[in-house]
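**Student:** One structure follows; several queries about it will come next.
The values are calculated or read from the model by the stated rules, or taken from the named source; none is laboratory data. This structure is a prediction, so every number in the text was calculated from the model and none was measured. Cβ: placed from backbone, ideal geometry, glycine included. Neighbour counts: every protein chain shown.
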Amino acid sequence: MRVEAARFHVVLVGCGGTGSYVFYYLSRLMFTELQKEFGKRTTVVLVDGDTVEPKNLYRQNFIESDVGLNKAYVLARRYSTAYGIHVEYYDRYADVDCLERLLQYTYRPYLGMVVPILVGCVDNHVARRALHETFEGFRGPLIYIDAGNGEATGQVVIGVKGKVEKEIFCSQVSEVFAEPAGKILPNLLEPEDEEEESGLSCADLSLRDGQSIMANFATATLVNVALNSIINHHKIPFHMAATDILTGKTKTVPIRRLKKS
């Protein structure tokens, strides 16, 4: 499936175990764009209300001197300084209204069609519900990449909203072309038993149960494969992808048009 756009605007929600490694690649993609002659630029807003804690250093892309600072701020400052790119950040938890504003933040009609990409790398059902509701209610085209992982597995689901004609994503019409993660895996929108009972975050669970940093790497890689394909090649590579770090296997499901009832 092809995506026609003048440029892309990415709102990355969650800058922890998976999101910090997603932006590790995305910042380099933005740096590469600076070397090109044409004026197409990917814009990015990082969103996270968390601060870096010592327990985050085990599996997230942070170092000891980052402790006590906001995660989105740290990543924006680090990579904008390293690569000379412009990165914005929102250092609070975002609700649906806020996410809608951030998705339209850089919209300029005279620059041609801007396709927003919402990337969710969150570790709780409340945040994922906000992402899901944003996709459901958003007017206009939207690509929503949802990432999640366990101790040894990870999955990514790409929801697509926008009218598609002849396999080209090119209209402002709010027609769902591919269902988002909340429709494919509705349990993601409900609290997990362990989460509900203990109130532990992924960072806490990783220390207690040994959640592997490789699961974060692998899941982030799937997100980055999708971002690279969309931004550099204007193609959505899959609808769903799942990976298992114990076997090294990755499975993908191609994107297909929804059947109208």
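**Student:** Are any residues in segment 236-246 within 12 Å of MET214 (Cα to Cα) and in a loop (DSSP other than H, G, I, E, B), and if so, which ones?
**Tutor:** Step one: list which residues in segment 236-246 are within 12 Å of MET214 (Cα to Cα), which gives 243-246.
Correct list: ILE245, LEU246.
**Student:** Kindly provide the set of residues from segment 124-142 that are buried (at least 19 other Cβ atoms within 10 Å of the Cβ) and in a loop (DSSP other than H, G, I, E, B), ordered by number.
**Tutor:** If the condition is that a residue be buried (at least 19 other Cβ atoms within 10 Å of the Cβ) and in a loop (DSSP other than H, G, I, E, B), then PHE138, PRO141 are the ones that fit.
**Student:** Another question, then. Being in a helix (DSSP H, G or I), in contact with a helix residue (DSSP H, G or I) (Cβ under 8 Å, 6 or more places away or on another chain) and either under 20 Å from ASN124 (Cβ atoms) or of a type in the set (A, V, I, L, M) (or both) is the filter here; which residues of segment 44-100 pass it?
**Tutor:** Matches in segment 44-100: LYS55, ASN56, LEU57, TYR58, LYS71, VAL74, LEU75, ALA82, VAL96, LEU99.
**Student:** To continue, here is another question. Of everything in segment 35-53 that's out of contact with any Cys (no Cβ under 9 Å at 6 or more places or on another chain) and at pLDDT 95 or above, which residue is farthest from LEU102 (Cα to Cα)?
**Tutor:** Pass one, segment 35-53, residues out of contact with any Cys (no Cβ under 9 Å at 6 or more places or on another chain): 35-45, 49, 51-53.
Next, from what is left, pick out any that are at pLDDT 95 or above: 44-45, 49, 51-53.
Working: VAL44: 10, VAL45: 7, GLY49: 15, THR51: 21, VAL52: 23, GLU53: 26 Å.
Within segment 35-53, the match that is farthest from LEU102 (Cα to Cα) is GLU53.
**Student:** Only one of VAL52, VAL96, VAL22 is more than 24 Å from GLU133 (Cβ to Cβ), among the aliphatic types (A, V, I, L, M) and in contact (Cβ under 8 Å) with a residue 12 or more places away in the chain; which? Show your work before the answer.
**Tutor:** Values: VAL96 fails: more than 24 Å from GLU133 (Cβ to Cβ); VAL22 fails: more than 24 Å from GLU133 (Cβ to Cβ).
Going through VAL52, VAL96, VAL22 in turn, the sole match is VAL52.
**Student:** Looking only at segment 46-67, count how many residues are under 19 Å from PHE217 (Cα atoms) and among the hydroxyl-bearing types (Ser, Thr, Tyr).
**Tutor:** Summing the residues that are under 19 Å from PHE217 (Cα atoms) and among the hydroxyl-bearing types (Ser, Thr, Tyr) in segment 46-67 gives 1.
**Student:** What helices (runs of 4 or more DSSP H) completely inside segment 163-235 contain at least 2 residues that are in contact with a helix residue (DSSP H, G or I) (Cβ under 9 Å, 6 or more places away or on another chain), closer than 16 Å to GLY150 by Cα and at pLDDT 95 or above?
**Tutor:** Details: elements: 181-184, 193-198, 202-209, 213-233.
In segment 163-235, 213-233 are the helices (runs of 4 or more DSSP H) which contain 2 or more residues that are in contact with a helix residue (DSSP H, G or I) (Cβ under 9 Å, 6 or more places away or on another chain), closer than 16 Å to GLY150 by Cα and at pLDDT 95 or above.
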